[in-house]
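Each remark here refers to the structure printed beneath this line.
The values are calculated or read from the model by the stated rules, or taken from the named source; none is laboratory data. Everything numeric here is computed off the predicted structure, so don't read it as measured data. All Cβ positions, even for glycine, are placed from backbone atoms using ideal geometry, and neighbour counts span all protein chains on display.
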Amino acid sequence: MGKGYMGKLLIVDLSTKEFLEEEIPDKVYEEYLSGTGLGAYYLYHKIPVNADPLGPDNYIGFMSGLLTGTGSLFTGRWMVVGKSPLTGTWGDANCGGNFSPAIKQCGYDGILFKGISEKPVYLYIDAKTMELRDAADVWGTDAVEAEQMLIKRYSQKGKTPRVACIGQAGENCSLISGVCNDRGRIAARSGLGAVMGSKKLKALVLNGNKPIVPHNYDEMKRLSKTCNRWVNFQPPFVTGPATAYVGKLMRFLPHQLIMDGMLYKIFLRKWGTVSMNQLSVEIGDSPIKNWDGSSADWPVSHSKIVNPDVFTDCEIVKYHCYSCPLGCGGICSISGKFEETHKPEYETVICLGALCMNKDPDSIFYMNELLNRAGMDTISAGHTLAFAIECYENGIITKDDTDGIELTWGNTDAMIAMLQMMIDRKGIGDILADGVRVASHKIGKGTEKFAIHAGGQEPAAHDGRGDPGFAIHYSVEPTPGRHTIGAYLYYEMFQLWKKIKTLPVPKILYHKDTKYTVDDEKIHMAASCSKYMNIINGVGACMFGAFLGSTRTPLFDWLNAATGWNKTPEEIMEIGQRIQTIKQEFNVKHGIEPKNIKMPSRTIGHPLQTKGANKGRSVNLDRLMSEYWQYFGWDTETGKPTMETKQKLGIN
Amino acid sequence: MAYSIKDLCIGCEVCKRLCPVDAIYGEKENVQKIDETLCIDCGACGKICPKGAIYDNFGVQCEIVNRSKWDRPQFDLSKCTACLSCVDICPVQCLHVPDIEENEHERLLPYLPESNTCIGCGFCELKCPVEAITMVSA
């Protein structure tokens, strides 16, 4: 009988070309799971204080999830971890596709790199071989080209390798670059593509075939079959354009119904995340015009160009990540330079659309593919373009700075040209390639007020004025600016109270104004989301699967069945608290002041918006942050974990 | 525990040629050996060995089975979630998905194009999270 995990990490020193296998005791898995948790545990101890994120002392790790390959559903995500060069904090990002099981099939729960190679290399592993190979011929190619070259080179009878690699943005150490797999999917956040680039590590080519064995296959399957019944429930729903009017109705009603993730699942299965393109604008979830605009600036007449049906109309086939029964992704056919692209995500559509006032849908498909291939984060790139446009519109940068590009709101050609300059690090693109914080520091002249970020990380396309939960998590997480951790909406969909009776049960119908009051319930909800997402990222699960609810997507039960543990949901949630705390302690160790990480005033309703969905809405962020820290046993003034908390959780 | 080969082996190397992970080694016409660090317990060697010289990971002598009678995966596509766990685990990659240009379904669903490439290991059945695959003897 197995335990679901492989019990080992592989450490590769790129400077010395040495390989080291490190056995991980069972106790560590019980305290930190695998995935991001194991990565955080290991790197908290290994990365020295003040390590340069782009220097030899930093590590970059590729982690699989504890449940990946064990017969559970929704558990095919892999995580890239390290010290973020974008924020200086703990950094992680995750991605789907088919790379996660490949890590475990090589016999490891994670593969970590330290040092810097003299020349570009890639790692190749199969059952008999493990070596760093010369990457001269793939260096300089985009992520899709590199992946296709390496797959062709190493495909053999019975096995096609899985590849993760960087594109040109990572090679050029753009601080908003990520790591790609499965033809342009990208673990985009935290700028960890730059760490890979700094180490001259182009790719990992994994061709292993070790078995992944759970403790109890029968129980895993029983749980999976039950879960799948919920996924398969897919009644016909409204058309794409109608989603805007559903959003409009939601906006004008003073009350809000609790959200059940089954509804969102129906949206995701039909359209993917683009299902929210119009609805989110209408309910005040989407930031418009670099967070200074409102839904009134992006009415249905504008947003209809990206109504969800636009994306399914050109969808050739649905795309499923490994072990995913939902298939929110898709492969779309496009015209022009590229023939196909992964269906753009909601975040991409808003950040390259409404955030920059861009009304050309074709350009969004094109920029999506351009950025996926270059390995640059579409969220950060969109925010950086919006920042640059606002600088240009205010006369702070001019045509002389932009090599003649007229960088005005909605100028699609200018956006595309500027993105290419960022990828190539040419002209002002060299400054913008490192995100809004670095760019605003370099440009100066008061441009800081246009730079929308939390601790250096550009936030995603979810507005804290619409759901203050987003504002909390953007500001308090050890990986700041992250939308994939928590929100009041997420808490409603996770339905954790059905498993943990002490957690607050949201009201079925509530007045929207109550979202803006600060009370214990809100803090419980935010903290529970943080803990649960650490579990999710520890087991390699997909947040969208978890949105079905904790009883329908039985992560706690799968975890026990895969490992042979018999932990209660409360005990498993404490693991989430431990992971959250060690990540925060990582930041403190590296000189980060948590109180300095905070979303800018503009994004939390200071000044108040005078029109649109978030008219008059503001968030008491200081109090929310302080109370969140208190809940975790961190200092309420500084956000640093207290000695007592660390001792209780066994962090030393 | 991996599979092992006993002295009955005549070194015909049929198993070596079939092994999907090149775990079997040895000189022709001599007793072959299995590298237990490479063996994935697929059982193909045990079924093909003409002398019954191969023992499984529990130490039980493998039964010789005519290749045309080996179990093959049968898909119940009404249950299939298109998660492709089966395609990923197949050690001989005999399970395929259609090219997207030729695909007739909304999602890419697995199929077995040539049954003689399948070694009947049953890993696809084992990994399928929703029991959409049944191994059936031809």
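Residues in segment A:369-388: is at least one surrounded by fewer than 23 Cβ atoms within 10 Å (Cβ to Cβ), more than 14 Å from residue A:418 (Cα to Cα), among the basic types (Lys, Arg) and at pLDDT 95 or above? Scanning segment A:369-388, I find no residue that is surrounded by fewer than 23 Cβ atoms within 10 Å (Cβ to Cβ), more than 14 Å from residue A:418 (Cα to Cα), among the basic types (Lys, Arg) and at pLDDT 95 or above, so the answer is no.
Residues of segment A:498-521 include none that is in contact (Cβ under 8 Å) with a residue 40 or more places away in the chain, part of a helix (DSSP H, G or I) and over 22 Å from residue A:258 (Cα atoms).
Listed here are the helices (runs of 4 or more DSSP H) enclosed by segment A:185-295 that have at least 2 residues being among the aromatic types (Phe, Trp, Tyr): A:217-232, A:242-252, A:261-270. The lone criterion from (1) in the same structural domain as residue B:115 (by TED's automatic domain parsing); (2) surrounded by fewer than 17 Cβ atoms within 10 Å (Cβ to Cβ); (3) at positive phi left unmet by residue B:74 is number (3).
Residue by residue, here is whether (1) at positive phi; (2) surrounded by fewer than 24 Cβ atoms within 10 Å (Cβ to Cβ) holds:
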site	(1), (2)
A:141	no, yes
A:144	no, yes
A:151	no, yes
A:157	no, yes
A:170	no, no
A:178	no, no
A:183	yes, yes
A:191	yes, no
A:197	no, no
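Taking every residue in segment A:108-127 that is at pLDDT below 95 and pairing it with any residue that is part of a strand (DSSP E or B), at least 6 positions away or on another chain, the pairs with Cβ-Cβ distances below 8 Å are A:126/A:159; A:126/A:207; A:127/A:207. With respect to the conditions (1) on the phi > 0 side of the Ramachandran plot; (2) touching a Ser or Thr at 6+ places or on another chain (Cβ under 6 Å), residue A:278 lacks only one, and its number is (1). Residues that are in a helix (DSSP H, G or I) and surrounded by fewer than 17 Cβ atoms within 10 Å (Cβ to Cβ) within segment B:15-35 comprise just one, B:17. Inspection of segment A:77-96 identifies no residue that is free of Cβ contacts under 8 Å to residues at least 24 places away in the same chain, under 21 Å from residue A:14 (Cβ atoms) and more than 14 Å from every other protein chain (Cβ to nearest Cβ). Of the residues A:637, A:627, the single one that is outside any strand (DSSP E or B), touching a helix residue (DSSP H, G or I) at 6+ places or on another chain (Cβ under 6 Å) and over 14 Å from residue A:580 (Cβ atoms) is A:627. Tell me yes or no: at least one residue of segment A:205-214 is more than 14 Å from chain B (Cβ to nearest Cβ) and of a type in the set (A, V, I, L, M). Yes, the conditions are met somewhere in segment A:205-214.
Let's see how each residue does on (1) free of Cβ contacts under 8 Å to residues at least 12 places away in the same chain; (2) within 24 Å of residue A:105 (Cα to Cα); (3) more than 11 Å from the chain's Cα centre (by Cα):
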| site | (1), (2), (3) |
| --- | --- |
| B:86 | no, yes, yes |
| B:89 | no, yes, no |
| B:98 | no, no, yes |
| B:107 | no, no, yes |
| B:110 | no, yes, yes |
| B:115 | no, no, yes |
| B:118 | no, yes, no |
| B:136 | no, no, yes |
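Of the residues A:585, A:593, A:571, the single one that is surrounded by fewer than 21 Cβ atoms within 10 Å (Cβ to Cβ) and within 16 Å of residue A:530 (Cα to Cα) is A:571. Please work out which residue is surrounded by the fewest Cβ atoms within 10 Å (Cβ to Cβ), limiting yourself to segment A:389-399 and to residues that are of a type in the set (D, E, K, R) and within 20 Å of residue A:438 (Cα to Cα). Of everything passing the filter in segment A:389-399, A:393 is surrounded by the fewest Cβ atoms within 10 Å (Cβ to Cβ). Residue A:49 satisfies every condition listed in (1) touching a Gly at 6+ places or on another chain (Cβ under 9 Å); (2) in a loop (DSSP other than H, G, I, E, B); (3) within 24 Å of residue A:536 (Cβ to Cβ) except (3).
Condition check ((1) farther than 28 Å from residue A:513 by Cα; (2) assigned by TED's automatic domain parsing to the domain that holds residue A:386) across all residues:
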| site | (1), (2) |
| --- | --- |
| A:213 | yes, no |
| A:224 | yes, no |
| A:227 | yes, no |
| A:230 | yes, no |
| A:265 | no, no |
| A:277 | no, yes |
| A:291 | no, yes |
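Is it the case that segment A:401-410 has a residue that's in a loop (DSSP other than H, G, I, E, B), small (Gly, Ala, Ser), at pLDDT 95 or above and surrounded by fewer than 24 Cβ atoms within 10 Å (Cβ to Cβ)? Checked against the condition, which is being in a loop (DSSP other than H, G, I, E, B), small (Gly, Ala, Ser), at pLDDT 95 or above and surrounded by fewer than 24 Cβ atoms within 10 Å (Cβ to Cβ), segment A:401-410 yields at least one hit. Looking across segment B:73-121, just one residue is under 27 Å from residue A:227 (Cα atoms), more than 12 Å from chain A (Cβ to nearest Cβ) and in contact with a Gly (Cβ under 9 Å, 6 or more places away or on another chain), and that is B:73.
Only one of the listed residues (A:581, A:603) is among the hydroxyl-bearing types (Ser, Thr, Tyr), in contact with an Asp or Glu (Cβ under 8 Å, 6 or more places away or on another chain) and in contact (Cβ under 8 Å) with a residue 24 or more places away in the chain. That residue is A:603.
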